[in-house]
Amino acid sequence: MADLTGKRVLTIVTSYGVEQDELVVPLEHLRAAGAEVVVASNEPGEVRTLVGDKDPGRSVPVDVTYDQADPAGADLLLVPGGTINADTLRLQDAAVGIVKDFAGSGRPVAAICHGPWAVVEAGVAAGATLTSYPSLATDVRNAGGTWVDRPVVRDDGAGYPLVTSRNPGDLDDFLGQVDAVLSS
């Protein structure tokens, strides 16, 4: 496991519908490696996760709301999926603004499953090669990106490091690339 002591990760989610393992597994992994991870949501309180987009999962405490978050102080933006979460997230102007801020400043973004919808919505997918849950392929292509079906893709084609994966089954590969980006 990489030593990520001193690294700060901002995670953006909505208060309901995040795929449990796409939030919980990265949080636990990054924190165990020494990173400070801040969970930002549209509402204070807790994030109610789901398993398979339907079954109740674990609740995760919200650290800050989007408007309280400090994107400039973070080294990486993490965008978990979950169909409901990702679809709602891309309608949150403040969350989309955070994605634009990271990409515009050349800092890395890591998005899994339906999470790349936020990258598409922010208008920062053009020129990038990425993967996601397969139903986003047309959205990625329409946004000027190249969609591929691989467990993980790390690409700088849009002017910032972008790490993407398809689903919770790809978390080991995804976290390996997240560690590598944060360690570089």
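Read-outs throughout are calculated quantities, based only on the coordinates presented, and are distinct from any laboratory measurement. The structure presented is a predicted model; accordingly, all values stated were derived computationally and were not measured. Here Cβ is always computed from backbone atoms with ideal geometry, including for glycine, and neighbour counts include all displayed protein chains.
Taking Asp172 and the conditions (1) touching a residue at least 12 places away in the same chain (Cβ under 8 Å); (2) outside any loop (DSSP other than H, G, I, E, B); (3) among the acidic types (Asp, Glu), which numbered condition does it fall short on, given that it satisfies the others?
Here Asp172 meets the rest and fails (1).
Sort out which residues of the stretch 54-85 are of a type in the set (A, V, I, L, M, F, W, C), within 23 Å of Glu36 (Cα to Cα) and surrounded by 13 or more Cβ atoms within 10 Å (Cβ to Cβ), and write them in order of number.
Within the stretch 54-85, Val60, Val62, Val64, Ala69, Ala74, Leu76, Leu77, Leu78, Val79 qualify.
Go through the stretch 102-149 and count every residue that is in a helix (DSSP H, G or I) and among the charged types (D, E, K, R).
Result for the stretch 102-149: 3.
Does Arg107 satisfy being charged (D, E, K, R) and within 24 Å of Tyr66 (Cβ to Cβ)?
yes
Please go through the stretch 5-36 and give me each residue that is in a strand (DSSP E or B) and more than 12 Å from the chain's Cα centre (by Cα), ordered by number.
Arg8, Tyr16, Gly17, Glu36
Which ones in the stretch 77-127 are over 12 Å from the mean Cα position of the chain (by Cα) and among the polar types (S, T, N, Q)?
Result: Thr83, Thr88, Gln92, Ser105.
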